[in-house]
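Heads up: the structure comes next, in structure tokens.
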């Protein structure tokens, strides 16, 4: 063997010996490292020890061993090329051992790298975006390596990842709410400020927070909440309460404060200026573009619709004048609305397709008439709801001479609607003032628009007809006086409508005046029916039927009749000083007639009346006939208002008369008895009062014969 060959052989033996030694040592070190890592992972993720070995130092050790393995594998590859066949098996064995150790180290490195990315201590100084990336890296390692799933520490690592993810999510929301702070003050507070919006942090910090919220799908919720507060705490108070806007800016801190304003200026331009200050504040403090998100556009997607609604319905609508001649100046003011709309579109708060404000102000006339209609209708409703009992006297008896009938342009006699001395509610006079205001406004607008005022007048009058009985239904049911007041109100209102201009009368006189009169009459008739129902109840509960055969019940019946009269007397006292005399007589007569009719009908049902009972009936009814006229201003005219007056009188006559007197009263069918009672009714009474004798039979036959002739 040559010298060179001997040297090479000697070197190969040395290298082989060194490789064997290094592989053995490295294998032992890796085994120790595995135990150290296992212990560290158990301490941190399974036993939750407060102090555990540093994953970074373990990772450095693992990477050092990995480098040594790579170096040894390289040396083995070089040695393999120089050695002969008999050394190949040893070298391959070394390499196989190193490859196994290397794979183990790869798993170790992955566990350590995942652990390092999950270590919260190392993330506290990182941005939210970097912390999210670390968690994503750890997640990728844990989910994309099947070898890790077989480790005992795998599930604890996954739980730790989920915990840190939840914590980071919560921190993101907390960070956002610290950067966007809202403060509210009680309305009753003595302090002038009401709302404070403070935006803190640099734009980079805000961008970082928005990115994190977007990653956790929480951006929509937070921006929506911000949009709702922007509308409810900033926009609406500026619009409704006329609050003042103050903006203060420092480095990384900007504050907007809403304060109570001592200035009552609510002009359209002033409100637009305040709202513009709000949007300038937002656009200057919030980043314009965050991860391809236009923040103002994003905010507008949640807030623009509400903003448009409040701006239209409150700001613009309130700015519309209530006088037609002011509309030209208002049209000039609307240029500021167009400029404001353009500003919000350029800012991105409005989408390009959003033309709500522009369309809303296209037809100013419609806005004007919509507003005044609403104002007049609201005013009418308010007046209608007022109490009826606050009265004022009206007197128009001397407006026309007795022989004078004033005929209007429509051929109606105005005297029909003349209202004599009576009392009406003060609220009615307010309502009439409202009618006069609307009617007078028609003279100041173009003729082609007067129909709109006609509609308003029609609707107000119809509203009065439809609403006032419902609004006061409970009062009308339990307080007869209020029925009389409302009757006066409606009839006086009817008369005033008839006096309005011919243009207005042409529209209303035919179908509304008659409707109003019918309503007034119906209200009093309804009250009378209620009183008659009470009277009938008293009569039905009395002993008036039993008294026909038991004269001892006379006192009881007399007491019941006194109750009926007392009820009518109370009604008279409530109505007499309110209703016009003729109206009072008509409706008190209607109520009295209800009593008379009830008594007459009861008598016609009796089959037998004793002589003593007949005298008692006569006495009781005579008292009623004596008392009822006192309820009327002209007692002798009572028969004009009580249709059953003479009929009851004739019944009383029969009860206290002999058959001869009755025959004379009949007068062959031409006397007062024949005028008030039918033949069947007379027959019924005669059979009840007198026994079945030839004299009674002859009288009945005579009555039948003369009635037919």
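The values are calculated or read from the model by the stated rules, or taken from the named source; none is laboratory data. Values in this document were obtained by computation on a predicted structure and should not be read as measured data. Quick reminder, even Gly has a Cβ in these numbers, built from the backbone with ideal geometry, and neighbours come from all protein chains shown.
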Open item on the list: Give all pairs with beta carbons closer than 7 Å in which a residue from region 688-709 that is closer than 21 Å to residue 651 by Cβ meets a residue that is not in a helix (DSSP H, G or I); count only pairs at least 6 apart in sequence or on separate chains.
Closed with: 688/606; 688/607; 688/608; 688/609; 689/609; 696/690
Open item on the list: Whether any residue in region 619-636 is within 56 Å of the chain's Cα centre (by Cα), assigned by the TED database to the domain that holds residue 535 and surrounded by fewer than 16 Cβ atoms within 10 Å (Cβ to Cβ) is what I want to check.
Closed with: yes
TODO: Give the residue that is nearest to the chain's Cα centre (by Cα), with candidates limited to residues of region 537-552 that are buried (at least 16 other Cβ atoms within 10 Å of the Cβ) and closer than 21 Å to residue 627 by Cβ.
DONE: 538
- [ ] Inspect region 673-686 for any residue being closer than 13 Å to residue 654 by Cβ, touching a helix residue (DSSP H, G or I) at 6+ places or on another chain (Cβ under 8 Å), in a helix (DSSP H, G or I) and without any contact (Cβ under 8 Å) to a residue 24 or more places away in the chain and give the result as yes or no.
- [x] yes
TODO: Hey, can you tell me all the residues within region 629-653 that are within 20 Å of residue 684 (Cα to Cα) and either part of a loop (DSSP other than H, G, I, E, B) or free of Cβ contacts under 8 Å to residues at least 24 places away in the same chain (or both)?
DONE: 644, 653
Open item on the list: With the structure loaded, tell me whether residue 197 is surrounded by 13 or more Cβ atoms within 10 Å (Cβ to Cβ), within 30 Å of the chain's Cα centre (by Cα) and not in a helix (DSSP H, G or I) or whether it fails that test.
Closed with: yes
TODO: Within region 651-664, identify whether any single residue is over 20 Å from residue 606 (Cα atoms), buried (at least 17 other Cβ atoms within 10 Å of the Cβ) and in the same structural domain as residue 588 (by the TED database), and answer yes or no.
DONE: yes
